[in-house]
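Participant: This structure is in structure tokens; I'll ask about it shortly.
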Amino acid sequence: MRIPVAALIGLFFTSLFFLMAIFAPLIAPYGMAEVVGDVWEPPSDQFMLGTDNIGRDLLSRMIYGGQTTIFIATAATALSFITGSVLGFFAAVSGGWIDQAISRFVDLIMSIPSLIFALVVLSVMPTTVTILVVLMGLLDSTRVFRLARAVAVDITVMDYVEAARLRGEKTAWIIFREILPNALSPLVAEMGLRFIFAVLFVSTLSFLGLGVQPPQADWGGIVKENKEGINYGIAAALYPAYAIAVLCISINLVADWVLNRTTSLKGGRG
Amino acid sequence: MTDPLLKVRGLKIGATIYPPGEKARDIEIVHGVDFDLAPGKVLGLIGESGAGKSTIGLASMAYGRGGVEITGGSVEVNGRDILQSGIRDVRRLRGAEVTYVSQSAAASFNPAKKIMEQVTEAAILQGKFGRKDAEARAVELFAKLGLPDPENIGQRYPHQVSGGQLQRCMTALALCPEPDLVVFDEPTTALDVTTQIDVLAAIKDAIRDTGVAALYITHDLAVVAQVSDHIMVLRMGEMVEYGTVDQIINSPQEEYTQALVSVRSIDHEEKQPTTNPVLKVEGITARYKGTSFDVLKNINVELYPGQTLAVVGESGSGKSTLARVITGLLPPSAGKITFDGRELTPDLPTRPLEDLRELQMIYQMADTAMNPRQTVGTIIGRPLEFYFGLKGAEKQKRIQELLDEIELGTGFQDRYPAELSGGQKQRVCIARALAAKPKLIICDEVTSALDPLVADGILKLLLNLQKIEDVAYLFITHDLATVRAISDSIAVMYQGEVVRYGPKSQVMSPPFDDYTDLLLSSVPEMKLGWLEEVLASRKMESAGN
């Protein structure tokens, strides 16, 4: 098996980001909230990316920020996929009023713009990482639900699902053994996309001041803290933006490759 | 002898395949085929799926389906080698000199345009006729092909005519530009037997009256024997035998042709009813939710242990619905079903596991009846685990026994369905049903999607297994040859009712009711002149008209 070049590039950057996130305390030259220099110092041997608006090392903030952003996005994506796909499969397999009830409820949630929904919830709830993850995960799970249900509806009418029903199998077996393996490839592709949206979403919230709270670093927060610097020609706010872009593109490259691999696997459906 | 209209020499056709997990590679699917076709003659191309017959048919229009490429040889139409001509010349040829009739008319007509517009399109585009003349010719062809109301049928949309009529419209489309050659690619395969016979007769008359030459592609030797002058038997991209119809049917030389000719000659002795039926269907009436039309009307049949009841009928006669009612997928609105002495509950979720185990089902499309992400071992092993709690070595041993029973050797356990041939897939489905040690297996058109020789093998296997396991079959089919081969008793269904029911010997012998007569007489027989004989002696028009 050969890995295409695009996927290799994607894999390289994705693993680089994830490794940096995992080993942040070991890699970062300074502490996350440590004030070590002057305000907005230019890049130098001492501070590779310079310092931020109150004199903290920007590279260290970026590394710790990446950790927070990636962790929240990963957890939220995982939560959204677990709830969204299980509910979606369940609705498709059950059919009838159960399907109607769940689907209409999801439509209701989806009719409210998710950013506004999140802002409203976060303005009344304490802004902790847990709340952020749960909120983002549940909001995103509505999108996953729609996809999972659409894919599963096609699969539930296959003869092999009917055969399983005639055999007397329980719903759990039908969902996890008959439907899930066949629905996996579109879901994996969607997972890459959803992860990227989650990164953007948490960054947006932090930029608006309702996400990760200072002094904890995250990429959206770093942009917010340093946005004034752009007026003075300071590039500090652009680094997190680059990081977000590179992460998004590389994850997409990996997701594309995984999608190609799994669809051709043993002639399964796409 | 006149110069041949179509002259094919050393035709080689290749394709690129993409096996999963491997590098794409080129294969050859037709290995050098030669034949001639004289003007006004009909050549039947016959073979199983994968024999390359459609590919050869399309190559005579210098066309290769996606990924298929003509790699060598020559195809001469009217003395010009069309493989060497440029795309402009080929375009002038298609739809004017050579036309094509495909298997599925329903999929080939554009549903948004009226039939007349599509039938005359090629003739007008190629400048053969003006619109007026083309339409006049189309009406003439509609009449010749026996379509009702030939003056106005062209104003309808494709969904407003029946499948058999649409197939005839397609023949009119192909004949409209006055071509020299028509390629018929399985034109009657998708139709019911009773409809097939009318379409076949119409095509035959049209070919005779217009003096056009034709390539007639089919897998059914009995059909091709009715319309062709010569037959070429193909197998795996090579010619097996070529000869006149008489010679191929009555004195085939090659072993493979002999097998094709003698297919469906299984002899099955009818068993007498015993005392206690394993399945008793009484007064079943059923309709689908949200409709006000009874798909099944007062059905009464019985099936005895170790025997086969064949349910025969055209599509739409309600035979598959009967299977859904018996399995509990569709609760009936009236009537009751007794299985092995106990009454079955009407809907699936309320049935005890024991009832589910003893009543198994095998589907028409083995492809969709198996989860593509499970190995053969998992597929067969699941019922063992689920019903009998078998695990580990014990389960493996039983799986192997079942694989032996269906005549697949070792090494199949770890294969995925995509790695099996059509016949092997159906065998695995049979093994899955047998794994539950059922008393009754419902077989829903299990051989319809298979090539005749493979289907024969499956039928023999089923009969054999019946002897060993003493299992009863409810065999749903539209194919009367299959019924003769396998059944002990027969129920003929027509529009939701059982019109004739009894032991095989009784159902299959006169006096017939009109519908059974139509059905029986419509099954193509492998002899010359059968079509004319049947049409002369029929009592009833087919419903699909």
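Participant: Could you check the stretch B:360-379 and list, in sequence order, the residues that are more than 8 Å from every other protein chain (Cβ to nearest Cβ), at pLDDT 90 or above and under 27 Å from the mean Cα position of the chain (by Cα)?
Facilitator: Correct list: B:362, B:376, B:379.
Participant: Give me the pairs, please: first residue somewhere in the stretch B:91-114 and without any contact (Cβ under 8 Å) to a residue 40 or more places away in the chain, second residue anywhere and aliphatic (A, V, I, L, M), beta-carbon distance under 9 Å, and either six or more positions apart or on two chains.
Facilitator: These pairs meet every condition: B:93/B:61; B:93/B:62; B:93/B:77; B:93/B:82; B:94/B:61; B:94/B:62; B:94/B:122.
Participant: Tally up the residues in the stretch A:233-247 that are buried (at least 18 other Cβ atoms within 10 Å of the Cβ) and either assigned to a helix (DSSP H, G or I) or of a type outside the set (Val, Ile, Thr) (or both), please. Show your work before the answer.
Facilitator: Pass one, the stretch A:233-247, residues buried (at least 18 other Cβ atoms within 10 Å of the Cβ): A:234, A:236-237, A:239-240, A:243-244, A:247.
Keeping just the survivors that are either assigned to a helix (DSSP H, G or I) or of a type outside the set (Val, Ile, Thr) (or both) gives A:236-237, A:239-240, A:243-244, A:247.
Here the count works out to 7.
Participant: What helices (runs of 4 or more DSSP H) lie completely within the stretch B:1-112 and have 1 or more residues being over 27 Å from residue B:423 (Cα atoms) and within 14 Å of chain A (Cβ to nearest Cβ)?
Facilitator: Details: elements: B:53-59, B:87-93, B:105-108.
Once the helices (runs of 4 or more DSSP H) in the stretch B:1-112 are filtered for at least 1 residues that are over 27 Å from residue B:423 (Cα atoms) and within 14 Å of chain A (Cβ to nearest Cβ), nothing remains.
Participant: Among the residues of the stretch B:322-353, which ones are surrounded by 17 or more Cβ atoms within 10 Å (Cβ to Cβ), away from chain A (no Cβ under 11 Å) and among the small types (Gly, Ala, Ser)?
Facilitator: Listed by number, the list holds a single entry, B:335.
Participant: Across the stretch B:176-200, what is the number of residues that are of a type in the set (S, T, N, Q) and in contact with a strand residue (DSSP E or B) (Cβ under 9 Å, 6 or more places away or on another chain)? Working first, answer last.
Facilitator: Within the stretch B:176-200, the first condition is being of a type in the set (S, T, N, Q), and the residues that meet it are B:188-189, B:194-196.
Still in the running and in contact with a strand residue (DSSP E or B) (Cβ under 9 Å, 6 or more places away or on another chain): B:188-189.
Of the residues in that region, 2 qualify.
Yes/no matrix, rows are residues, columns are (1) among the polar types (S, T, N, Q); (2) assigned by TED's automatic domain parsing to the domain that holds residue B:462; (3) more than 27 Å from residue B:459 (Cα to Cα):
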| position | (1), (2), (3) |
| --- | --- |
| B:239 | no, no, yes |
| B:246 | no, no, yes |
| B:249 | no, no, no |
| B:256 | no, no, no |
| B:309 | no, yes, no |
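Participant: Now for a separate question. So in the stretch B:393-438, with the set limited to residues that are of a type in the set (Val, Ile, Thr) and either within 12 Å of another protein chain (Cβ to nearest Cβ) or not in a helix (DSSP H, G or I) (or both), which one is surrounded by the most Cβ atoms within 10 Å (Cβ to Cβ)?
Facilitator: Taking the stretch B:393-438 and keeping what is of a type in the set (Val, Ile, Thr), we get B:399, B:406, B:410, B:428, B:430.
Next, only the ones that are either within 12 Å of another protein chain (Cβ to nearest Cβ) or not in a helix (DSSP H, G or I) (or both) stay: B:406, B:410, B:428.
Details: B:406: 21, B:410: 8, B:428: 23.
The residue in question is B:428.
Participant: Test residue B:390 against the criterion of being more than 14 Å from chain A (Cβ to nearest Cβ) and out of contact with any Ser or Thr (no Cβ under 6 Å at 6 or more places or on another chain), and give yes or no.
Facilitator: Values: more than 14 Å from chain A (Cβ to nearest Cβ): yes; out of contact with any Ser or Thr (no Cβ under 6 Å at 6 or more places or on another chain): yes.
Yes: the conditions hold for residue B:390.
Participant: Any residue at all in the stretch B:313-323 that is in a loop (DSSP other than H, G, I, E, B) and of a type in the set (A, V, I, L, M)?
Facilitator: Keep residues of the stretch B:313-323 that are in a loop (DSSP other than H, G, I, E, B), which gives B:313-318.
Those left that are additionally of a type in the set (A, V, I, L, M): none.
Within the stretch B:313-323 (the criterion being in a loop (DSSP other than H, G, I, E, B) and of a type in the set (A, V, I, L, M)), the answer is no, since none of the residues qualifies.
Participant: What number of residues in the stretch A:5-28 are surrounded by 19 or more Cβ atoms within 10 Å (Cβ to Cβ) and β-branched (Val, Ile, Thr)?
Facilitator: 1
Participant: Could you please give the count of residues in the stretch B:195-249 that are within 18 Å of residue B:176 (Cβ to Cβ) and within 18 Å of the chain's Cα centre (by Cα)?
Facilitator: 1
Participant: Restrict the check to the stretch A:50-70 and report whether at least one residue is in a helix (DSSP H, G or I), aliphatic (A, V, I, L, M) and under 24 Å from residue A:257 (Cα atoms).
Facilitator: To start, the set of residues in the stretch A:50-70 that are in a helix (DSSP H, G or I) comprises A:58-70.
Retained after the next criterion (residues that are aliphatic (A, V, I, L, M)): A:58-59, A:62-63, A:70.
Keeping just the survivors that are under 24 Å from residue A:257 (Cα atoms) gives A:70.
Yes.
Participant: A follow-up question, please. Tell me which residues, restricted to the stretch A:228-270, are over 24 Å from the mean Cα position of the chain (by Cα) and either modelled with pLDDT of 90 or more or charged (D, E, K, R) (or both).
Facilitator: Matches in the stretch A:228-270: A:228, A:266, A:269.
Participant: If you don't mind, there's one more thing I want to ask. Just wondering, is there one or more residues in the stretch B:298-309 that are within 11 Å of chain A (Cβ to nearest Cβ), surrounded by fewer than 19 Cβ atoms within 10 Å (Cβ to Cβ) and under 30 Å from residue B:385 (Cβ atoms)? Before the answer, list the steps.
Facilitator: Quick first cut of the stretch B:298-309, residues within 11 Å of chain A (Cβ to nearest Cβ) only: none.
Within the stretch B:298-309, not a single residue is within 11 Å of chain A (Cβ to nearest Cβ), surrounded by fewer than 19 Cβ atoms within 10 Å (Cβ to Cβ) and under 30 Å from residue B:385 (Cβ atoms).
Participant: On the given criteria, is residue B:356 surrounded by 15 or more Cβ atoms within 10 Å (Cβ to Cβ), part of a helix (DSSP H, G or I) and within 12 Å of chain A (Cβ to nearest Cβ)?
Facilitator: On the way: surrounded by 15 or more Cβ atoms within 10 Å (Cβ to Cβ): yes; part of a helix (DSSP H, G or I): yes; within 12 Å of chain A (Cβ to nearest Cβ): yes.
When the stated conditions are applied, residue B:356 passes them.
Participant: How do the helices (runs of 4 or more DSSP H) wholly within the stretch A:97-213 filter down when requiring 1 or more residues that are within 14 Å of another protein chain (Cβ to nearest Cβ) and over 26 Å from residue B:361 (Cβ atoms): which remain? Give the derivation first.
Facilitator: Details: elements: A:114-124, A:129-156, A:159-167, A:180-207.
Once the helices (runs of 4 or more DSSP H) in the stretch A:97-213 are filtered for at least 1 residues that are within 14 Å of another protein chain (Cβ to nearest Cβ) and over 26 Å from residue B:361 (Cβ atoms), what remains is A:180-207.
The values are calculated or read from the model by the stated rules, or taken from the named source; none is laboratory data. Small disclaimer: the values here were computed from a predicted structure and weren't measured. Ideal geometry is used to build each Cβ from the backbone, glycine not excepted, and the neighbour counts take in all protein chains shown.
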